[in-house]
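Rule-based calculations on the coordinates, nothing more; no lab input. Just so it is clear, the structure is predicted and the values come from calculations on it, not from any experiment. Cβ coordinates were reconstructed from backbone atoms using ideal geometry, including for glycine residues, and neighbour counts include every protein chain displayed.
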Amino acid sequence: MMLLMSTPSAPENPKLVLARRALFYLAVSVLTVLSLLPTDRLPEFTASIWDKAQHAAGFAVLGTLGLWAYPGGVGHSARVVLGLLALGVAIELAQGASGWRHADAGDALADAVGVAVGWALSRALK
């Protein structure tokens, strides 16, 4: 019986790691700003896409990018996933406090579904 052993991989290029993380935080910033803008300031095409699908797709992208930007074991993955779940809830609370948007628990649930899809995609792409 042959045992397969993983060999340590070479350290990643620090510039590549920085670029991945910058892309992740740029995506987080764009999604957060778009989530908090008054709806009349959003691009017109967004009105024709189901709201929950937008949430799930946005957080799937964030989940995939976040796990790509912060690769590692279970601890790294858990921090990214929990951080994104907290971001989804924080956005909903901020929308509720904004006066021009409203909080919706269904949106936070769609965010969680998106994070799960992002996690699955990141696992499939490894």
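I want to verify a result. In a Gaussian network model of the chain, Cα cutoff 10 Å, which of these has the top mean-square fluctuation: E44, E92, E12? Between E44, E92, E12, it is E12 that shows the largest mean-square fluctuation.
The equivalent ellipsoid that matches the C-alpha gyration tensor of segment 51-126 spans semi-axes of 24, 12, 8 angstrom, in descending order. Given R0 = 35 Å, the distance between the Cβ atoms of S29 and L125 translates into a calculated FRET efficiency of 0.90. In order along segment 51-61, the Karplus-derived 3J(HN,Hα) couplings, from 6.51 cos²θ - 1.76 cosθ + 1.60 at θ = phi - 60°, round to 3, 5, 5, 4, 4, 4, 5, x, 6, 5, 4 Hz, and Gly and Pro are given as x. Here the Gaussian network model covers the chain, with springs between Cα atoms less than 10 Å apart; of F59, F24, F45, F45 fluctuates the most.
With θ taken as phi - 60° and the Karplus curve 6.51 cos²θ - 1.76 cosθ + 1.60 applied, the whole-hertz 3J(HN,Hα) list for segment 12-23 is 6, 5, x, 5, 5, 4, 4, 5, 4, 5, 4, 4 Hz, x standing for glycine and proline. Dipole size of segment 51-126 about its Cα centre, with +1 on Lys/Arg Cβ and -1 on Asp/Glu Cβ: approximately 320 debye, rounded to the nearest 20. Where the alpha-carbon atoms of segment 1-123 are placed on the principal axes, they occupy 61, 33, 25 Å, in descending order.
Once the C-beta distance of V74 and L36 is scaled by a Förster radius of 30 Å, the resulting FRET efficiency is 0.40 to the nearest 0.05.
Using helices alone, what [θ] at 222 nm do you get for the chain, with -39,500 (n - 2.57) per DSSP H run of 4 or more residues, divided over all residues and rounded to the nearest 500? Write down the numbers at each step before the final one.
Working: 4 runs with 87 residues, N = 126.
Helix-only estimate at 222 nm: -24000 deg cm²/dmol.
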